[in-house]
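Novice: One structure is given below, represented as structure tokens, and several questions about it will come after.
The values are calculated or read from the model by the stated rules, or taken from the named source; none is laboratory data. What you see is a predicted model, and the numbers here were worked out from it, not measured in a lab. Cβ placement follows ideal geometry from the backbone for every residue including glycine, while neighbour counts extend to all protein chains displayed. When the accessible area is computed, the model is the full protein with side chains, heavy atoms only, and any ligands, DNA or RNA have been set aside. Shrake-Rupley method; radii C 1.70, N 1.55, O 1.52, S 1.80 Å.
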Amino acid sequence: MTKKNQNSITFGAEHLTIEDVVAISQGASASMNTDPAFTSKIDRGVAFLERLLKEEGVIYGVTTGYGDSCTVAIPPNLVDELPLHLTRFHGCGLGETLTHDQARAVLATRLCSLSQGVSGVSHDLLNQIVTLINNDIAPRIPQEGSVGASGDLTPLSYLAAALIGERDVLYKGEVRPTSDVYNELGITPIKLKPKEGLALMNGTSVMTALACIAYKRAEYLSQLSTKITAMVSVGMHGNDFHFDEALFAVKPHPGQQQVAAWLRDDLQADRPPRNSDRLQDRYSLRCAPHVIGVVEDSLPWLRQMIENELNSANDNPIIDGDNERVLHGGHFYGGHIAMAMDTLKTAVANLADLLDRQMAQLMDYKFNNGLPFNLTGAQGERKPINHGFKAVQIGISAWTAEALKHTMPASVFSRSTECHNQDKVSMGTIAARDCLRVLELTEQVAAASLLAATQALELRKRANELDEHHMSDNLKQIRDQVMQEFEFVVEDRPLESDLRLFIQRIQQQHWTLY
């Protein structure tokens with residue numbers, strides 16, 4: 001699957017990318033490949049299944065029950081009703097609802113999987129998903145209830161229900177009955193063919209959708225953490241030579257080298273060094289490339305794992321219409337996404353921990369090379385009653401601790417379910433949800449750290465202690481953009497609204513960083 005442009009994604013052509021899924025989540029439209037080679041492949045799978053049914057062939061989940069009930073034969077006169085029952089008895093999701101953007105991403109990932117042409121689904125089903133995307137209708141999907149094998153059965157049942165006009169959808173900022181929205185827009189519900197309920201639900205599309213979103217947020221946070229580190233280094237009068245190119249040539253992790261290069265550029269390290277009281281900065285500055293570099297070096301192989309899963313047929317059974325075979329297996333197992341998300345959440349939590357340690361230095365007058373305690377801008381007799389970023393630093397530590405707590409790998413908590421048929425499961429969706437929570441907490445840490453670092457630079461500037469020659473144009477631009485929306489803290493004031501604004505800016509990826 002490939003995107004023709006930023007606003008339109010074509011399914012059933014070339015590979016879909018993480019960026020394509022995120023584009024759909026943010027409002028891009030969708031279309032199906034109209035090439036005869038693709039459309040005929042879809043048709044062959046459907047025709048093969050129909051012929052098997054007429055010949056009374058045995059097909060798991062079509063002429064048999066599901067899971068441990070695979071030994072239960074379905075009477076021919078009830079085969080057409082079976083997929084409807086599958087969608088309905090899985091309507092037991094709980095917890096918070098996926099956001100509109102996240103649910104749109106699920107539509108994209110499931111459409112991508114079914115567009116591989118080996119799930120035995122019809123053009124009507126594929127086009128119904130396209131209709132939802134292009135009308136900005138998202139199924140209401142509860143977050144909780146999937147063990148990640150047999151895929152995301154319960155959350156994906158909400159997608160299946162939306163296609164047939166049941167349950168609720170998110171439309172124009174409201175939760176509304178699907179049937180009402182369909183009537184309003186003149187959309188006709190589809191009727192699921194015998195294999196289509198299973199094809200829709202038995203796959204890894206919820207965890208994969210969340211993984212795509214998590215990846216792009218982590219990518220941006222890695223760059224932002226580097227930018228904040230540069231600001232802190234300037235504010236602390238740190239040493240540029242910690243990021244020397246020759247130094248990093250002897251430990252050649254590419255991502256780590258990239259972070260060091262970004263820092264050299266931000267700090268204009270080719271200029272004469274600043275005077276510093278310390279030959280070596282503390283680890284949270286000196287080793288920042290080694291911490292952030294882990295994220296940068298992980299992203300390429302995490303992309304490979306996520307995009308391989310995205311562009312896979314991940315339901316069961318697989319319908320090989322070309323060779324007229326039904327292949328029973330376990331492609332619904334979300335182990336690769338589980339590993340990717342458990343890995344990514346650990347790497348991202350380390351970004352929070354890094355920034356937390358930088359902030360502890362920056363606000364402590366014993367370690368911050370002459371900045372006022374807690375970065376207060378108050379002076380004179382009013383200075384003793386003002387506390388600057390004291391509580392913000394406590395908050396940073398709280399958010400960091402919670403992020404670190406969530407790094408327990410979900411993938412090792414397999415539970416035997418469904419009469420021990422699903423006796424080893426991936427927990428990939430829980431890992432993805434954990435990762436998003438770690439990202440949210442780390443974005444909170446980053447927002448607070450960005451404001452504190454900007455306050456530190458402004459304090460140096462007002463004290464005529466800021467060497468702007470050791471700041472790149474981009475670094476100065478971001479500082480100035482922050483100051484346009486953030487009032488320098490002199491007298492104590494509540495900072496919650498400022499923090500919420502800058503969390504939003506981070507999630508919008510508001511600044512061009514590198």
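Novice: If you go through the range 313-355, how many residues are over 24 Å from Trp399 (Cα atoms) and either in contact with a Cys (Cβ under 7 Å, 6 or more places away or on another chain) or not hydrophobic (A, V, I, L, M, F, W, C) (or both)? Outline the logic, then answer.
Specialist: Going residue by residue through the range 313-355, those that are over 24 Å from Trp399 (Cα atoms) are 313-337.
From what is left, the residues that are either in contact with a Cys (Cβ under 7 Å, 6 or more places away or on another chain) or not hydrophobic (A, V, I, L, M, F, W, C) (or both) are 314-317, 320-325, 328-331, 333-336.
Count: 18.
Novice: What number of residues in the range 380-403 are surrounded by fewer than 17 Cβ atoms within 10 Å (Cβ to Cβ) and more than 23 Å from Val348 (Cβ to Cβ)?
Specialist: Number of matching residues: 9.
Novice: Another question, if that's okay. Of (1) closer than 30 Å to Gln504 by Cα; (2) surrounded by 23 or more Cβ atoms within 10 Å (Cβ to Cβ), Asp136 satisfies all except one. Which?
Specialist: (2) is the only condition that Asp136 fails.
Novice: Return the total of residues in the range 332-379 being open to solvent by less than 40 Å² (accessible area, probe 1.4 Å) and in a helix (DSSP H, G or I). Working first, answer last.
Specialist: So in the range 332-379, the residues open to solvent by less than 40 Å² (accessible area, probe 1.4 Å) come out as 332, 334-335, 337-338, 340-345, 347-349, 351-352, 354-356, 358-364, 368, 371-372, 374-378.
If we keep only those that are in a helix (DSSP H, G or I) as well, we get 335, 337-338, 340-345, 347-349, 351-352, 354-356, 358-362, 374-375.
The number of residues fulfilling the criteria is 24.
Novice: Sticking with this one: Would you confirm whether any residue within the range 219-230 is in the same structural domain as Leu451 (by the TED database), open to solvent by 10 Å² or more (accessible area, probe 1.4 Å) and aliphatic (A, V, I, L, M)? Walk me through how you get there before you give the answer.
Specialist: Just the residues of the range 219-230 that are in the same structural domain as Leu451 (by the TED database), to begin with: 219-230.
Keeping just the survivors that are open to solvent by 10 Å² or more (accessible area, probe 1.4 Å) gives 219-220, 223.
Next, only the ones that are aliphatic (A, V, I, L, M) stay: none.
No.
Novice: Going through Leu94, Leu132, Leu98 one at a time, which residue ends up being free of Cβ contacts under 8 Å to residues at least 40 places away in the same chain, assigned by the TED database to the domain that holds Lys172 and farther than 13 Å from Met201 by Cα?
Specialist: On the way: Leu94 fails: free of Cβ contacts under 8 Å to residues at least 40 places away in the same chain; Leu98 fails: free of Cβ contacts under 8 Å to residues at least 40 places away in the same chain.
Testing whether each residue is free of Cβ contacts under 8 Å to residues at least 40 places away in the same chain, assigned by the TED database to the domain that holds Lys172 and farther than 13 Å from Met201 by Cα leaves just Leu132.
Novice: Checking Pro75 against (1) open to solvent by 40 Å² or more (accessible area, probe 1.4 Å); (2) closer than 24 Å to Ala214 by Cα, which single condition isn't satisfied?
Specialist: The number of the failed condition is (2).
Novice: What do you reckon, is Asp320 within 29 Å of Ala349 (Cβ to Cβ), touching a helix residue (DSSP H, G or I) at 6+ places or on another chain (Cβ under 9 Å) and among the charged types (D, E, K, R)?
Specialist: Details: within 29 Å of Ala349 (Cβ to Cβ): no; touching a helix residue (DSSP H, G or I) at 6+ places or on another chain (Cβ under 9 Å): yes; among the charged types (D, E, K, R): yes.
In short, no.
Novice: Looking at Leu126, Leu107, Leu94, which one is buried (at least 24 other Cβ atoms within 10 Å of the Cβ) and hydrophobic (A, V, I, L, M, F, W, C)? Spell out the reasoning first.
Specialist: On the way: Leu126 fails: buried (at least 24 other Cβ atoms within 10 Å of the Cβ); Leu94 fails: buried (at least 24 other Cβ atoms within 10 Å of the Cβ).
Answer to the check: Leu107.
Novice: Of the conditions (1) open to solvent by less than 10 Å² (accessible area, probe 1.4 Å); (2) under 22 Å from the mean Cα position of the chain (by Cα), Glu196 clears all except one; give me its number.
Specialist: Of everything listed in (1) open to solvent by less than 10 Å² (accessible area, probe 1.4 Å); (2) under 22 Å from the mean Cα position of the chain (by Cα), Glu196 misses just condition (2).
Novice: Also, quick follow-up: Quick one: which of Ser222, Ser205 is within 19 Å of the chain's Cα centre (by Cα), closer than 30 Å to Glu50 by Cβ and not aromatic (Phe, Trp, Tyr)? Please lay out each step first, then the result.
Specialist: On the way: Ser222 fails: closer than 30 Å to Glu50 by Cβ.
Exactly one residue qualifies, and that residue is Ser205.
Novice: Moving to a separate point now. Can you tell me which residue in the range 249-308 is farthest from the chain's Cα centre (by Cα), limited to those that are part of a helix (DSSP H, G or I) and either among the hydroxyl-bearing types (Ser, Thr, Tyr) or outside the structural domain of Asn474 (by the TED database) (or both)?
Specialist: Taking the candidates together, the pick is Tyr283.
Novice: Provide a single number: the residues in the range 157-176 that are without any contact (Cβ under 8 Å) to a residue 60 or more places away in the chain and open to solvent by less than 10 Å² (accessible area, probe 1.4 Å).
Specialist: So the count comes out to 4.
Novice: Being modelled with pLDDT of 75 or more and over 17 Å from Asp315 (Cα atoms) is the filter; apply it to the range 49-72 and report the residue that is least open to solvent (accessible area, probe 1.4 Å).
Specialist: Leu52
Novice: Being touching a residue at least 12 places away in the same chain (Cβ under 8 Å) and within 21 Å of the chain's Cα centre (by Cα) is the filter here, so list the residues in the range 355-407 that pass it.
Specialist: Answer for the range 355-407, where residues must be touching a residue at least 12 places away in the same chain (Cβ under 8 Å) and within 21 Å of the chain's Cα centre (by Cα): Leu355, Trp399, Thr400, Glu402, Ala403, Leu404, His406, Thr407.
Novice: Name every residue in the range 405-421 that is open to solvent by less than 40 Å² (accessible area, probe 1.4 Å) and of a type in the set (Gly, Ala, Ser), in order of residue number.
Specialist: Of everything in the range 405-421, those that are open to solvent by less than 40 Å² (accessible area, probe 1.4 Å) and of a type in the set (Gly, Ala, Ser) turn out to be Ala410, Ser411, Ser414.
Novice: Where in the range 422-514 are the helices (runs of 4 or more DSSP H), entirely inside, with at least 3 residues that are open to solvent by 50 Å² or more (accessible area, probe 1.4 Å) and within 30 Å of Met305 (Cβ to Cβ)? Can you show your working first?
Specialist: Values: elements: 428-462, 473-485, 496-507.
Per the criteria, 428-462.
Novice: Further, regarding this structure: Considering each residue of the range 309-320, count those that are of a type in the set (Asp, Glu) and assigned to a helix (DSSP H, G or I), and give that number.
Specialist: Applying the first criterion (of a type in the set (Asp, Glu)) to the range 309-320 yields 309, 315, 320.
With the extra rule that they be assigned to a helix (DSSP H, G or I), the set shrinks to 309.
Qualifying residue count, the range 309-320: 1.
Novice: Determine which single condition Glu324 fails, assuming it passes every other condition in (1) among the charged types (D, E, K, R); (2) touching a Phe, Trp or Tyr at 6+ places or on another chain (Cβ under 7 Å); (3) at pLDDT 95 or above.
Specialist: Only one criterion in (1) among the charged types (D, E, K, R); (2) touching a Phe, Trp or Tyr at 6+ places or on another chain (Cβ under 7 Å); (3) at pLDDT 95 or above is unmet by Glu324, namely (3).
Novice: Of the residues Gly388, Gly377, Gly370, only one is in contact with a Ser or Thr (Cβ under 9 Å, 6 or more places away or on another chain) and within 20 Å of Ala456 (Cβ to Cβ); which?
Specialist: On the way: Gly377 fails: in contact with a Ser or Thr (Cβ under 9 Å, 6 or more places away or on another chain); Gly370 fails: in contact with a Ser or Thr (Cβ under 9 Å, 6 or more places away or on another chain).
The match here is Gly388.
Novice: In the list Ser414, Ser426, which residue meets the criterion of being hydroxyl-bearing (Ser, Thr, Tyr) and over 22 Å from the mean Cα position of the chain (by Cα)?
Specialist: Numbers: Ser426 fails: over 22 Å from the mean Cα position of the chain (by Cα).
Residue meeting the stated conditions: Ser414.
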